[in-house]
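**Q** Let me begin by handing over the structure; questions about it come next.
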Amino acid sequence: MANQKGQAFLDKFAEISARVGNQVHLRTLRDSFATIMPLYILAGIAVLINNVVFAYIWGETGFMPNAEILANAQTWGSALTLGTLNVSALILAGLIGYCLARNENFGNRLACVVVGISSLVIMMPQSIATNLAAASPLLTDEVTTAEVTGVLSTTNTGTNGLFGAIIVGLIAVTIFIKISGVEKLKINLGDEVPQAVSDSFNVMIPMLLTLSIFGIVSAVLAVAFSTDLMTIISTFISEPLKGIMNAGPWAVVLIYTLANLLFCLGIHQSTISGVLAEPILTILIVDNMATFASGQPIPADHYMNMQIINSFALIGGSGCTLMLLLDTLVFSKSKTSRTVAKMAIVPGLFNINEPVIYGYPIVYNLPLIIPFVIVPDLFIAATYGLTCAGIIDPCIAQVPWTTPPVISALLATGMDWRAAVWQIIEIALGMVIYLPFMRISERAQAKQAALDEATAA
């Protein structure tokens, strides 16, 4: 009876989690960040080369110091940063429009891209304060700043505007899709008109209405309250959410505990982590890249980020299953387990572990579920603690999640050798934790096989 109740609870938990993960706006957010990820990886590579490789060669402490060559060489990385990090909010708003249209089965997806980007720009401040003294040292101290109109600040178009892109993009495109469903607002030009022209006229009035709504909101905020939506979002939403993720590792640990439990029930962990944690953690590491590129120290409230998860808590994939494979190859006497391990070890080195999850298996395998959940939680908390203590450097670059261990730690932290050593310690520690559970699992499987044989006889 107790087993039936426990199974019923697990089934209900999995059903609710699947519903949360498949909610159209959360799924859109997950899809959008997955699409923009190559841009962040390219930006991370550019930041590393600019500020580590070039600085090591031509920087003040490099082996061939030359400020002019360094500045010229870093133009390459600065251009990539300008085209990736500094416009990432605009790109994300467009991707949110496209992905939401796809998930809602809305026909004119390009129109949604336009609405997402335009709405975001509409909500940005119409003037920004600029430092005149920095622009011209000949100016007197009496006048150092001025309001400049007709420009966009990278503060809003770049990494600091990502939360604004998420909120404005989702709301604007949702409104646009709803209004577009009103047949009376569509303009039908007939079958003789090219499809692209017909599609644009069909959504013309809904687009005008949607953008007008956001224009009115922007005007009211500017005229009546001397502010803008981007500032409001930053103050009351983005900073508190970032603070939750960095108020110790506990929020992240809780989310990944639930996510990995789901994986053990056969539902991919991204159903939970991909919608509740990864967007915020990704924004934090993207912030770190921009900060590092500008030569500033990484603030302590950005020590927890997506790269801590990818490099230090997903070694071998979800559950850090590379350690289980190594244990199996070194200590296991089970022919079946060793066969699976030999097949899965190469993908595991690149953090691909579906063969282990479903082939070992870990799904519904109670002894292995325990380390599968505990090991990543331990490494999230420990890595965060080591970073806060200054024992390893903060993560400053987003590297491909398929990067093998040791290399990923070096790249993520800007070539901090201590991070690579910590990753090696993690692998050893993970093997120690997994080993007794692996042996229990093999004994249970052997007993089950014997029971099956006896039943068959």
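**Q** Just going by the charge dipole of the chain, with Lys and Arg at +1 and Asp and Glu at -1 on Cβ, which of Ala55, Phe236, Leu429 is farthest out on the positive end?
**A** In the chain, that residue is Leu429.
**Q** If R₀ is 25 angstrom, what is the calculated FRET efficiency for the pair Ala381 and Leu82, using the beta carbon separation as r and rounding to 0.05?
**A** Computed FRET efficiency for Ala381 and Leu82 comes out at 0.10.
**Q** Moving on to the next point. Using R₀ = 30 Å, calculate the FRET efficiency as 1/(1 + (r/R₀)^6) where r is the Cβ-Cβ separation of Trp417 and Leu366; round to 0.05.
**A** 0.15
**Q** Report, please, the projected area of the range 58-136 averaged over directions, based on the convex hull of its C-alpha atoms, in nm².
**A** 8.7
**Q** Moving on to the next point. With a 1.4 Å probe and all protein chains kept in place, how do Phe236, Phe437, Phe312 rank by accessible area, largest first? If you can, show how the numbers build up before the last one.
**A** Numbers: Phe236 150, Phe437 50, Phe312 0 Å².
Final ranking, largest accessible area leading: Phe236, Phe437, Phe312.
**Q** Of Leu100, Cys112, Tyr364, which is farthest along the charge dipole of the chain in the positive direction, counting Lys and Arg as +1 and Asp and Glu as -1 at C-beta?
**A** Tyr364
**Q** Pairs on different chains or at least eight residues apart, Cα atoms closer than 18 Å: how many lysine pairs in the chain fit?
**A** Close lysine pairs under the 18 Å cut-off: 4.
**Q** What helices does the chain hold that run 18 Å or longer along their axis, going by alpha-carbon atoms, with a Kyte-Doolittle average of 0.0 or more, using DSSP H for the helix calls? Intermediate results must be reported in sequence, preceding the final value.
**A** Values: long enough: 2-21 (28 Å, -0.31); 24-48 (36 Å, 1.19); 67-83 (24 Å, 0.51); 88-103 (22 Å, 1.32); 109-122 (20 Å, 2.23); 162-180 (26 Å, 2.42); 204-225 (31 Å, 2.35); 250-264 (21 Å, 2.04); 278-293 (22 Å, 1.26); 335-349 (21 Å, 0.38); 366-388 (34 Å, 1.82); 417-456 (56 Å, 0.42).
For the chain, where a helix must reach 18 Å along its axis and average at least 0.0, the hits are 24-48, 67-83, 88-103, 109-122, 162-180, 204-225, 250-264, 278-293, 335-349, 366-388, 417-456.
**Q** Give the residue from Ala43, Thr81, Tyr256 lying farthest towards the positive end of the charge dipole for the chain; charges sit on Cβ (+1 for Lys and Arg, -1 for Asp and Glu) and the dipole is referred to the Cα centre.
**A** Selected residue: Tyr256.
**Q** I would also like to ask the following. What is the gain in length, in nm to one decimal, between Thr75 and Ala224 on full extension, counting 0.36 nm per residue of separation less the C-alpha to C-alpha distance? Kindly include the intermediate steps, with their values, before the conclusion.
**A** Details: separation 149, 0.36 × 149 = 53.64 nm, distance 4.23 nm.
That pair, Thr75 and Ala224, stretches by 49.4 nm at full extension.
**Q** So if each residue of separation counts as 0.36 nm, and I subtract the Cα-Cα distance between Arg338 and Arg109, what length gain in nm does that give?
**A** Values: separation 229, 0.36 × 229 = 82.44 nm, distance 4.84 nm.
Extending this stretch completely gives an extra 77.6 nm.
**Q** Now for a different question. Subtract the Cα-Cα distance of Ile391 and Val24 from 0.36 nm times their separation in residues, and report this length gain in nm to one decimal.
**A** 128.0 nm
**Q** Across 10 Å bins from 0, what is the distribution of all Cα-Cα pair distances for the range 29-178, in whole percents?
**A** With a bin width of 10 Å, the distribution comes to 11, 28, 27, 22, 10, 2, 0.
**Q** Here's something else I'd like to know. Percent of accessible area on the chain owned by carbon and sulfur, 1.4 Å probe?
**A** Reported share for carbon and sulfur atoms: 67 percent.
**Q** How high is the FRET efficiency between Glu239 and Lys447 when r is their beta carbon distance and R₀ equals 51 Å, given to the nearest 0.05?
**A** 0.40
**Q** Just the number please: accessible area per residue for the range 204-285, 1.4 Å probe, all protein chains included, in Å².
**A** Solvent-accessible surface per residue comes out at 41 Å².
**Q** What is the dipole size for the chain, taken about its Cα centre, with +1 at each Lys and Arg Cβ and -1 at each Asp and Glu Cβ, in debye to the nearest 20?
**A** Using only the charged Cβ atoms, the result is roughly 1420 debye.
**Q** Might you work out the accessible area of Val87 for me, using a 1.4 Å probe with all protein chains in place, and round it to the nearest 10 Å²?
**A** Solvent-accessible area, nearest 10 Å²: 40 Å².
**Q** By accessible area of protein heavy atoms, probe 1.4 Å, what ranking do His268, His25, His302 get, highest first?
**A** His268, His25, His302
**Q** Here's a follow-up. Quickly estimate the mean residue ellipticity at 222 nm for the chain, helices only: each DSSP H run with n ≥ 4 gives -39500 (n - 2.57), and the total goes over all residues, rounded to 500.
**A** Counting only the DSSP helices, I get -21500 deg cm²/dmol.
**Q** Next question, about the same structure. If DNA, RNA and ligands are ignored and the probe is 1.4 Å, what is the ranking of Trp76, Trp417, Trp401, Trp58 by accessible area, most exposed first?
**A** The residues order as Trp417, Trp401, Trp76, Trp58, largest area first.
**Q** What translational diffusion coefficient, in µm²/s and rounded to a whole number, does the Stokes-Einstein relation yield for the chain at 25 °C and a viscosity of 0.890 mPa s, taking the hydrodynamic radius as the Kirkwood radius over Cα pairs?
**A** 99
The values are calculated or read from the model by the stated rules, or taken from the named source; none is laboratory data. As the structure is a prediction and not an experimental result, all values here were calculated from the model. Cβ sites come from the backbone with ideal geometry, for glycine too, and all protein chains shown count toward neighbours. All accessible areas refer to the heavy atoms of the entire protein, side chains included, with ligands and DNA or RNA removed. Shrake-Rupley method; radii C 1.70, N 1.55, O 1.52, S 1.80 Å.
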